[in-house]
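These notes concern the structure reproduced below.
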Amino acid sequence: MSEGLILTVCTGNVCRSPLLERLLQRALDDTYGPGAIPVRSAGTGALVGHEMDERSAGVLRGLGGEPDGFVARRLTPDIVRSAALIVAATRDHRAEAVRSHPRALKRAFTLGELASILRHLDPADRPRAEDPVERVHEVAAVATAHRGMVRPASWDEFDLADPYRREDQAYVDLEDAVRRDLPPLLEALGARHS
């Protein structure tokens, strides 16, 4: 499997990161053509070889994605090195990705942090590149330049809580957070989304 231009990261690589991977990949494929921007995921404590968690797969289907064929894998420095944009579920995941490859600092964000930055951008600062690969690099550069300019009421707002083996409400909360925070990223990437 080729590595991703966009990398999503969580703990087990069976709930949050595959959900984000598959939703991003679908929207980007619909916009730029299959594989123009490869999106991959990995876990800091991956359940290597497992398929997607059944309830997260249900959330994914409800959002129009497809979990078939997904297999969890562990985060490695090479995977981090190959990514132009890293979208982590939590600040701890972002930190672990950066520890594995320190140069990734300028391209690693949580989904909530990235959404907050992108929502508050001045229209003149929005990514504009037409080439899809350049667009991903531009999103990372713009987000890095504006990091820290918008502070949340609580830093926990930037984290996607882990629903794994928790009550159904945890999956509802995950879906709500993805519905809220994924559209600003898709828009910045120039992707069509519903």
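So what's segment 75-177 giving for Rg/Rh, alpha carbon basis, Kirkwood Rh from the mean inverse pair distance?
1.00
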For segment 44-49, Karplus-derived ³J(HN,Hα) couplings (6.51, -1.76, 1.60; θ = phi - 60°; whole Hz; x for glycine and proline) come out as 5, x, 4, 8, 3, x
DSSP loop (so not H, G, I, E, B), at most 11 other Cβ within 10 Å: list which GluC sites (Glu not before Pro) in segment 154-194 pass both filters. E167
Which value, in debye to the nearest 20, gives the size of the charge dipole of the chain about its Cα centre, when Lys and Arg are +1 and Asp and Glu are -1 at the Cβ? 520
In a shell of Cβ-Cβ distance under 14 Å around L85, excluding L85 itself, what net charge do Lys and Arg (+1) and Asp and Glu (-1) give? +3
Summed side-chain charge close to A57 - residues other than A57 whose Cβ falls under 10 Å, Lys, Arg +1, Asp, Glu -1: -2
Efficiency of FRET from Cβ geometry, E51 and A170, R₀ 30 Å, rounded to 0.05: 0.95
Rounded to the nearest 10, the angle in degrees between the Cα long axis of helix 132-145 and the longest principal axis of the Cα atoms of the chain comes to 80
Using a 1.4 angstrom probe and counting only protein chains, how large is the accessible area of M52 in Å², to 10? 10
Where the only charges are on Cβ atoms (+1 Lys, Arg; -1 Asp, Glu), what is the dipole of segment 81-194 about its Cα centre, to the nearest 20 debye? 500
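With a sphere of radius 13 Å drawn around the Cβ of A141, what net charge do the other residues whose Cβ falls strictly inside it have (Lys, Arg +1; Asp, Glu -1)? The partial results should precede the final answer.
Values: positive: K106, R107, R126, R128, R135, R147; negative: D125, E134, E138.
Cβ neighbours under 13 Å give a net charge of +3.
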Chain lengthening between A95 and S82 when straightened (0.36 nm per residue, less Cα-Cα): 3.0 nm
Please compute the modelled spin-label separation between D68 and R151, points set 7 Å along Cα→Cβ, answer in nm with one decimal. 4.9
Cβ-based charge dipole, the chain, positive-most Cα from A129, G64, G148: G148
Compactness of the chain - radius of gyration and Dmax, Cα, Å: 15.1, 44
Note to self: C-alpha centroids of segment 37-51 and segment 136-194 sit apart, in Å, by 18
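The values are calculated or read from the model by the stated rules, or taken from the named source; none is laboratory data. Just so we're clear, the structure is a prediction, and the values are computed from it rather than from any experiment. Cβ sites come from the backbone with ideal geometry, for glycine too, and all protein chains shown count toward neighbours. What goes into the accessible areas is simple: the full protein's heavy atoms, side chains included, and nothing from ligands, DNA or RNA. Shrake-Rupley method; radii C 1.70, N 1.55, O 1.52, S 1.80 Å.
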